Structures are given as C-alpha cells and as structure tokens.
Amino acid sequence: MRSKKVLSMILVCVFLAVGVVPTYAETTQEKLNNARAAKRATQSSLDETKNRIHGLETQKYESEEYLSLLSIELEELKNSLIKLQADEEEKQAELENVQRELEEARIQEEKQYDDMKLRIQFMYEKSSAGYLVMLLSASDFTDFLNRADNISQISEYDRDMLKSYQEIKDLIDQKEQQVQEEKRDIELLKKERSEKKVEVDVLVDVTSEQINTYRADIQDAESEEALLLTRIANQEGEINGLIQQAQAEEAAAQAAAQAAARAAEQAASQESSQSNTDSTPENSSDSSLDEESSDESSNDSSSNDESSTSATPSVTQSVPEVTPTPTSKPEQSSGGTLLGNFKLTAYCSCSRCCGKWAGGPTASGVRPKAGRTVAMGGVPFGTKLRINGTVYTVEDRGTGYGHVDIFFGSHAEALRFGSRRADVYQVN
C-alpha cells in the first residue's frame, strides 16, 4: 500500500516537473515569434529604403550627366555669342566703309554730272557752228582729222564716264544691300542664340535644384537606413536573448524533473529498506530466507543506488547546450569572416567627393590609392576587407558601419561604379 503511495508521489512529481516546460516555453516562444515578426517588418522597411536610395542615386546620377551636357552646351553658346558679336561688329564696320564708298561715288557722280552739263550746255549754246569753226579753222587736212577725232573722243569719254559711274553706283548699291542682309542675319542668329542661352540657363538652374533635392532625399533615406539597421541589430540581440532564455528555461525544467525523479527513487528505496527491517523471522529457515531476502533487497537497493548514480551523467548530457544563433556570430569561410551584405559606394579625391579635404591624405594619414583604400566606420584603421575577390584596407572614414566607400582614381570611375551591395569579409 505504501509502495503504491510512493509510486503515486513519484508520478505526481514527474508530471509537475515536466509540466513546467510547456508553460515557460509557450510564453517565451510567443515573445520570440513577436520579435521575429517585428524584425521581418523592419527588414522589409529596410529593403524598401535601400531600393528608394538606389532609385534616388540613379536619378541623381542621370541628372548630373544631363547637367554636364547642359554645361557643355551653355559654354558653346557663350562662345558662339562672342563670335557673333565680333562678326556683327565686323559687318558694321564693313557697312560703314561701303556707305563711305557710296557717298564718294555720289560725289563723283555729281561732279561728272556737272561737267557733262557744262559740255552739253556749251554744245547747245555754240550749236554745231562751234565744232564746224573748229574743223574749218584747221591748217591742213591732218589737223582737220585730228580735231574731228578729238571731238569724237570727248563725246565717247562722256558716254564712258556716264556708263562707268552707273556701274559703280549699281555695284555699291548691291554691296550695301548684301552687307545689310548679312548684318540682319547675324542679328537674327544672335537673337536665337541669346534666347537659347536663356533656356539653357533655366534648365541648368532647374537641374541643379533637382540634384540638390535628390541629395537631401538620399541623406534622409540613408539616415532612415542607419536607424533601421540599428533597430534590426537590437531586434537580433533581443531574439538571441529570448532563444537563450527559452533554452535555459527548458534546461531548468528538465533538471527539475530529473531531480524530482531522483528524489522519488531515493524515497522508494528508503521505504523498501525500512519495510524489510521491520519484518519478524518465524524459523531458522525463514530467517535464512529473510537474510537472503534482506541481502537481495540490499543488493537491489545498492543496484538502484548505482543506477541512480550512473543516470546522473546521462541526464546532464541530455540538457541542451545553450549556443548563440548564427546571427550572433560572424560566419567563417576560407575568404575570411563574413561581416554582412553591405552597401558599396565610390569616391575620389576631388572637391565634389571630399570637399575641403580634396587632394589630401585620408583620415588615417596615408595617401589614398585605388584598389586599396576604402572608408568605413566601426572598425580600426588597417582592417583588411575582401569584397568581390579584392582585398581592401580601411584607411578612411566618412561612412558608418555597414557602408563601404571605395576609393577610385577619378570621378568618372566613381560615377560609373555607382551604388551596389555585396558580401564583405574581414580577412584579418
């Protein structure tokens, strides 16, 4: 009867000890599930932020390329306007020269016209008698012919001069008209180029403002990214703590159950020994039997003690060992220690990338070198990072942990690299 009571107590202790595990595990598991769900939501927000940053950087890069083209076009327009201004001044001078020539031709025309009028007046006033007297007063026939020839040459000369004057006048008129047309063409072209320059100036201002807006949006998104990364790191720490807590609670529950089982076994053994001691022998044979029974009971008791003692190590071994999750310890590989999938950007030593530190040494005091130098916070200077098969050295600052800025020899190479992501390994 007492054995049944002892057995009932053992079963109750075991059930109570084992029943502790689901209670603790369930509560901790709920917390763990909630923490993992919160981390997934944060990771989703982080992915969206990274995509937004990538899109903004792409738009910013395209705007910078467009601004570069606009700057080239604006410079060409400025040079064209300078040349047109010089051409206009040259045409103005040419026009003034033509007008002077035209004025001189007009003066010559008036003089020739006056001379011709005098000769015509003389011819009409003297009529033909004057020429007749001139011919008849010749001393001989030769003189007569000479005088006749002179009269003919004078008339021809007047006709030639009149024709020459008319040709010169027509030529000057044509030249003046041509210069006027060329000047008007230059003025129209100059007006078109001036209007185009105004349009390009407006586009430059709008594009520059858009680039500044992209930069501000990228800075805000990067700040948000840093906050989300910090939140994820905290959530990972919380998850690791809950995992360790759950494992510790499970181990404690199992240890309590094993201790209760050992206590029940010891109580049963003591009860059995006490019942054998209290029994009375009836005869010698019975006494010997009782002694045998006592010896067997003693052997059983000792065997039970041995089994209880030998069971302890196995129970200890069955308690699960608390180990950190993969997120709490960097992954080891032949290429080094995986730090994570980081954001990669590029920079050079120009003023656009480095501002007042352009052309100078890095924050570690060494000269940057393409293919070697990277900038990242959170690790000591001299740390070797393997990125896409290339080993770089952290020699500069300017970005937080999780964002690697790779040095390039020119701004064009840095622009071509753009922004991307890659697994980053720590070599040393």
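Over 18 Å between Cα atoms: which of 83/175; 117/163; 83/190; 83/196; 78/190 fall into that group? Intermediate results must be reported in sequence, preceding the final value.
Numbers: 83/175 23 Å; 117/163 15 Å; 83/190 10 Å; 83/196 15 Å; 78/190 11 Å.
Too far apart for the 18 Å limit: 83/175.
In the range 191-235, which residues have a backbone nitrogen under 18 Å from the label point lying 7 Å from residue 99's Cα in the Cα-to-Cβ direction? Answer for this model: none.
What does the extension gain come out to for residue 223 and residue 337, with contour length at 0.36 nm per residue minus their alpha carbon separation?
Working: separation 114, 0.36 × 114 = 41.04 nm, distance 2.67 nm.
So the chain would gain 38.4 nm between residue 223 and residue 337.
On the basis of the beta-carbon distance and an R0 of 51 Å, residue 145 and residue 176 show a calculated FRET efficiency of 0.65. Summing +1 for each Lys or Arg and -1 for each Asp or Glu among the other residues whose beta-carbon sits under 14 angstrom from that of residue 64 gives 0.
Can you work out the FRET efficiency for the pair residue 356 and residue 423, with r the C-beta to C-beta distance and R0 = 45 Å, to the nearest 0.05?
Details: r = 34 Å, r/R0 = 0.76.
Once the sixth-power term is evaluated, E becomes 0.85.
Each of residue 199 and residue 169 was given a label point 7 Å from its Cα along the Cα-to-Cβ line. The distance between the two points is 4.7 nm.
Shown here are the Rg and Dmax of the Cα trace of the range 337-428, at 12.1, 35 Å. In order along the range 369-386, the phi-based Karplus estimate (6.51 cos²θ - 1.76 cosθ + 1.60, θ = phi - 60°) of 3J(HN,Hα) comes to 9, 5, x, 10, 8, 9, 10, 6, x, x, 10, x, 4, x, 5, 8, 10, 9 Hz; Gly and Pro are listed as x. In a DSSP loop and with at most 13 other Cβ atoms within 10 Å, the trypsin sites (Lys or Arg not before Pro) in the range 365-417 are 369.
Any read-out appearing in this document is the output of simple, stated calculations on the displayed coordinates, not a laboratory observation. As the structure is a computational prediction, the values presented were derived from the model and not from experiment. No Cβ is skipped: glycine too gets one built from the backbone with ideal geometry, and neighbour counts run over all protein chains shown.
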